[in-house]
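A.B. asks: Take a look at this one; I'll ask things after.
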Amino acid sequence: MSEKVLHVKDISFGYKKNKLLYKDFNLSLHVGEIKSIVGESGVGKSTLFELILANLKPTSGTLTCKDVSQVFQDPYSSFHPSYKIIDQIKDVADTTEIEKYLKSMDLDYALLEKLPHELSGGQLQRASIVRALLMKPKLLLLDEPTSALDNVLQLDVMKMLLTHLDEMGMLLITHEADLASWCSDEVITISQEKV
């Protein structure tokens with residue numbers, strides 16, 4: 001069995017005591033696996049990522065993960081508007097292998113010399129994926145990473161991401177059930193828990 005990068009055991013969490021988003025929830029993920037979290041808005045998909053990132057603490061249960069990085073839904077909010085993209089990548093990652101990752105995302109290095117607003121949403125999202133991959137995570141959290149892209153580009157970006165599965169495990173939040181079932185080893189549907 002490949003290396004386990006995420007282990008969620010019996011966690012419970014809710015913003016209100018009488019309304020849990022999670023009750024005794026379990027999840028594990030290994031290098032080479034991609035699992036998708038699907039569900040309606042407001043059921044706690046993004047909250048799960050906040051718990052994994054330790055920005056929130058579960059009320060019970062345990063959660064452990066290896067080195068993690070994240071790709072956000074809105075690439076414009078994940079880059080500072082007044083700094084070149086390449087400088088923002090260098091701030092958090094070693095760029096020795098950047099050409100390999102740029103090639104896998106079909107991006108030119110010259111684009112990284114620009115400011116975020118000078119790129120299209122699709123280009124900027126692929127740059128944010130390059131940044132996340134260069135951080136060499138064992139666990140990559142993908143929060144609706146293709147929602148701002150057209151259908152053809154969505155598929156292309158997911159295919160590019162899947163080429164890196166030998167290096168990490170991926171957890172994907174998506175509203176796209178077809179995308180989830182196409183790319184995932186397992187699809188986990190989250191529904192509102194009423195306690």
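Read-outs: derived from the displayed coordinates by stated rules, not from any lab. Everything quoted here is computed from the prediction, not taken from an experiment.
A.B. asks: Hey, what did the range 114-195 get for relative contact order, percent, Cα under 8 Å, at least 6 apart?
C.D. replies: Reported relative contact order: 29 percent.
A.B. asks: Using Cα extents along the principal axes in Å as the read-out, say which of [x] 53, 36, 32; [y] 52, 31, 30; [z] 53, 42, 27 was calculated from these coordinates.
C.D. replies: [x]
A.B. asks: I would also like to ask the following. Tell me what the chain gives for mean residue ellipticity at 222 nm when only DSSP H runs of n ≥ 4 count, each as -39,500 (n - 2.57), the sum divided by the residue total, rounded to 500 deg cm²/dmol.
C.D. replies: Per the formula, -8000 deg cm²/dmol.
A.B. asks: Among 145, 81, 137, determine the one that fluctuates most according to a GNM of the chain built with springs between C-alpha atoms less than 10 Å apart.
C.D. replies: 81
A.B. asks: If you don't mind, another one. What is the chain's relative contact order, in percent, from Cα pairs under 8 angstrom and six or more apart in sequence?
C.D. replies: With pairs under 8 Å counted, the relative contact order is 34 percent.
A.B. asks: Contour minus end-to-end for residue 90 and residue 57, with contour as 0.36 nm per residue of separation and end-to-end as the Cα-Cα distance? Show your work: numbers first, answer last.
C.D. replies: Details: separation 33, 0.36 × 33 = 11.88 nm, distance 3.03 nm.
Length gained between residue 90 and residue 57: 8.9 nm.
A.B. asks: Could you calculate the contour length gain from residue 166 to residue 186, that is, 0.36 nm times the residue separation minus the distance between their Cα atoms, to one decimal place in nm?
C.D. replies: Contour length minus Cα-Cα distance gives 5.5 nm.
A.B. asks: Enter the Cα centre distance for the pair the range 126-195 and the range 15-58, rounded to the nearest angstrom.
C.D. replies: 15
A.B. asks: Please identify, among 96, 163, 62, the residue showing maximal mean-square fluctuation in a Gaussian network model of the chain using a 10 angstrom Cα cutoff.
C.D. replies: So, out of 96, 163, 62, the one fluctuating most is 96.
A.B. asks: For a quick check, take a GNM of the chain with Cα springs below 10 Å and name the residue from 127, 110, 177 with the largest mean-square fluctuation.
C.D. replies: Taking springs between Cα atoms under 10 Å, the residue moving most is 110.
A.B. asks: Taking the Cα atoms only, what angle lies between the long axis of helix 151-162 and the longest principal axis of the chain, rounded to 10 degrees?
C.D. replies: Here the helix axis deviates by roughly 80 degrees.
A.B. asks: Greater than 29 Å separation of Cα atoms is the criterion. Which listed pairs, 17/138; 45/159; 19/136; 19/138, meet it?
C.D. replies: 17/138; 19/136; 19/138, as the Cα separations exceed 29 Å there.
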